[in-house]
Amino acid sequence: MKTFVELVQGDITQQDTEAIVNAANSSLMGGGGVDGAIHRAGGPVILTECKAIIARQGRCEPGQAVITSGGNLKARYVIHTVGPIWQGGNKGEDVILANAYRNSLQLAVKKEIKSIAFPSISTGAYRFPLDRAARIALETIKTYVIKHPLIQVRMVLFKESDLSAYQQAWALLVKNVN
Ligand code: ADP
């Protein structure tokens, strides 16, 4: 079976993919976790561009994605998407999380980006349960990549425990297909 997505342990700010994805918040003003790390590594140009986007179109709602340049990062672009805050699972969190991945991929394809790296959206400060998030992320990516095989996708997991959750989710997904 073709591997649609690469799973690695690492730091998203160090990736050499054409784009990296930021797990942002609706204000796009930077924050903690992966968001803070990306702004620190990329430099102030990213925040300047984020502010211009907010001035133009208002807040970035959960599930949406916008794009800026990558500043000092190796990646040429940063795609900022907003995941759902976990509120128990009955507030549309699953759909919003899938939208965040899908809209990021869609924006990348529109920009003719050929490689993209994602962090584990919503599973930090936003407290989305890891196994459930891993299944949704990988299902969404796989479905998308089957239709758009030119784009290479890398999931970059910060912690070893995150990497194993994604590996398990991937194994289950592949098993259910065959
Ligand atoms: P959210 O608010 O969407 O939950 P967080 O940034 O709090 O976003 O956490 C999302 C995930 O990103 C967590 O699994 C966290 O461990 C991970 N993370 C934090 N820093 C980095 C980094 N530099 N590279 C990759 N993943 C990171």
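The values are calculated or read from the model by the stated rules, or taken from the named source; none is laboratory data. All of these numbers come straight from a predicted model, not from anything done at the bench. When we count neighbours, we look across all protein chains shown, and the Cβ atoms used for this are built from the backbone with ideal geometry, even at glycine.
Data table
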item: So ASP162, is it assigned to a helix (DSSP H, G or I), modelled with pLDDT of 95 or more and near the ligand (Cβ under 9 Å from one of its atoms); result: yes
item: Residue among ILE141, ILE113, ILE121, ILE67 that alone is over 11 Å from the mean Cα position of the chain (by Cα), outside any strand (DSSP E or B) and not small (Gly, Ala, Ser); result: ILE113
item: Test result for LYS111, surrounded by fewer than 19 Cβ atoms within 10 Å (Cβ to Cβ), of a type in the set (Lys, Arg), within 23 Å of GLN15 (Cα to Cα) and within 16 Å of the ligand (Cβ to nearest atom); result: no
item: Which numbered condition LEU150 misses (of (1) in a loop (DSSP other than H, G, I, E, B); (2) within 13 Å of the ligand (Cβ to nearest atom)); result: (2)
item: Verdict on GLY36 being under 28 Å from VAL95 (Cβ atoms) and within 18 Å of the chain's Cα centre (by Cα); result: yes
item: Residues that are buried (at least 16 other Cβ atoms within 10 Å of the Cβ) and within 11 Å of the ligand (Cβ to nearest atom), drawn from the range 10-29; result: ILE12, THR13, GLN15, ILE20, VAL21, ASN22, ALA23, ALA24, ASN25
